[in-house]
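See below for the structure under consideration.
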Amino acid sequence: MENKYLSVTDEIRQALKENKPVVALESTILSHGMPFPENMEFSHKVEEIIRAEGAIPATTAIIGGKLKVGLTGEELDVMCKADGVGKVSRRDVATYLATKKTGATTVATTMMLAEMAGIRVFATGGIGGVHRGAETTMDISADLQELANTQVAVVCAGAKSLLDIPKTLEYLETMGVPVLGMGTEDFPAFYCRRSGCKVDCRIDTYAEMAAVLKTKWDLGLKGGVVIANPIPEEYELDFDEMEAVINRALEAAKEANIHGKDTTPFLLSHIKEYTNGVSFASNLQLAYNNARVAARIAIEYAKMK
Ligand code: PSU
Ligand code: MN
């Protein structure tokens, strides 16, 4: 069935038709996860990295009543300037389309758009998850439910430890979402290669990772896969130092009475502030690394079809 809201660029549409590798990218990381103007360079470079590997990047957003898969340079800049750009999760999609608001896609909505377009691999920084204190706030990212339902693999550096990582992994287990380690047994904690938690299974080659994806979806099993790809060692930050920074950001959020969808962006910007931008340099590098690995997995996956 033709989806009249979906707008895929000619390049991406053609690539998918010819079974060429395509990697989806989110825009919330640009509009609400990184500062302007640093995000401008990132948005272009992450796409270049995917191209250099031999895959095609597909950044997603909601613009002018359309679900956009693949953005022009100008559209990327709009998302980076983030002027009046909202953060769109699954519940917001219809509202943003019908009212023609500009929206940045989270992991959840990028998965939705990728699936609609026929893209199976998506690269980001970190996924949302079960927040610390969720037993009282019930703050659980819609990303997890999307992973339970939507057939897209998300290459990420795990999750930030501002989340409750053990509870996040329990949720994914309950929902039947495989959490695979790219060359590691440890589930990474974004800036750190280890969180203290384990992945379900370590996979050492891109071809084998692609084979797991193909097998899961050949079986008709619904839902996505978390591909946990640790930050390169040279950019890793100290776990205890980051823990202290994260706790400070959590305190500030409590004091400022931050709730709901504002929580994650608030915490991210405070973490950056408290680390004088050191954490941001690591954030960039882990996202570039995820893009590179996602492209390689997408290339292997395309060979298997
Ligand atoms: N974690 C990060 N950086 C981010 C996000 C999460 O380290 O930019 C963004 C992603 O777009 C993710 C969203 O999907 O925040 C989760 O928000 P929430 O917790 O409100 O579901
Ligand atoms: Mn939330």
PHE190 vs (1) buried (at least 20 other Cβ atoms within 10 Å of the Cβ); (2) within 16 Å of ligand 2 (Cβ to nearest atom): all pass except (2)
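Looking for something within 16 Å of ligand 1 (Cβ to nearest atom) and aromatic (Phe, Trp, Tyr) - is there at least one such residue anywhere in the range 5-18?
Taking every residue of the range 5-18 in turn, none turns out to be within 16 Å of ligand 1 (Cβ to nearest atom) and aromatic (Phe, Trp, Tyr).
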Scanning the range 78-108 for residues that are without any contact (Cβ under 8 Å) to a residue 24 or more places away in the chain, out of contact with any strand residue (DSSP E or B) (no Cβ under 9 Å at 6 or more places or on another chain) and in a helix (DSSP H, G or I) gives ALA94
The condition from (1) part of a helix (DSSP H, G or I); (2) under 18 Å from PRO265 (Cα atoms); (3) acidic (Asp, Glu) that GLU11 misses is numbered (2)
Here the residues within the range 109-146 that are more than 11 Å from ligand 2 (Cβ to nearest atom), closer than 21 Å to LEU169 by Cα, in a loop (DSSP other than H, G, I, E, B) and under 15 Å from the mean Cα position of the chain (by Cα) are THR124, GLY125, GLY126, ILE127
Considering the range 219-273, residues that are under 20 Å from the mean Cα position of the chain (by Cα) and at positive phi, and then whichever is nearest to ligand 2 (Cβ to nearest atom), we arrive at GLY260
Of (1) without any contact (Cβ under 8 Å) to a residue 60 or more places away in the chain; (2) away from ligand 2 (no atom under 16 Å from the Cβ); (3) not aliphatic (A, V, I, L, M), ASN283 satisfies every one except (1)
Can you spot a residue in the range 48-59 that is over 14 Å from the mean Cα position of the chain (by Cα) and farther than 30 Å from MET304 by Cα?
no
Selection from the range 235-265 of residues without any contact (Cβ under 8 Å) to a residue 12 or more places away in the chain and part of a helix (DSSP H, G or I) yields ASP240, GLU241, ALA244, ASN247, GLU251, LYS254, GLU255, ASP262
Looking across the range 268-305 at residues that are modelled with pLDDT of 95 or more and basic (Lys, Arg), the single one that is nearest to VAL225 (Cα to Cα) is ARG296
Note on the range 175-196: residues in a loop (DSSP other than H, G, I, E, B) and within 26 Å of GLY260 (Cα to Cα) are MET175, GLY176, VAL177, PHE187, PRO188, PHE190, TYR191, SER195
Checked against (1) more than 16 Å from ligand 2 (Cβ to nearest atom); (2) under 20 Å from VAL199 (Cα atoms); (3) in contact (Cβ under 8 Å) with a residue 40 or more places away in the chain; (4) crowded, with 20+ Cβ neighbours inside 10 Å, VAL69 satisfies every condition except (2)
Listed by first then second residue, the pairs whose first member lies in the range 131-151 and is charged (D, E, K, R), whose partner is within 10 Å of ligand 2 (Cβ to nearest atom) and assigned to a helix (DSSP H, G or I), with beta carbons under 7 Å and at least 6 positions apart or on separate chains, are ASP139/THR263
Being at pLDDT 95 or above, of a type in the set (A, V, I, L, M), surrounded by fewer than 22 Cβ atoms within 10 Å (Cβ to Cβ) and more than 13 Å from ligand 1 (Cβ to nearest atom) narrows MET116, MET138 down to just MET116
Restricted to the range 91-110 and to residues being near ligand 1 (Cβ under 9 Å from one of its atoms) and of a type outside the set (S, T, N, Q), the residue farthest from ALA302 (Cα to Cα) is ALA104
- Message: Whether any residue in the range 155-174 is in a loop (DSSP other than H, G, I, E, B), at pLDDT 95 or above, farther than 20 Å from ILE119 by Cα and β-branched (Val, Ile, Thr) is what I want to check.
- Response: no
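The values are calculated or read from the model by the stated rules, or taken from the named source; none is laboratory data. All values derive from a computational prediction rather than experimental measurement. A quick note on method: Cβ atoms are made from the backbone with ideal geometry, for glycine too, and the neighbour counts reach across all protein chains shown.
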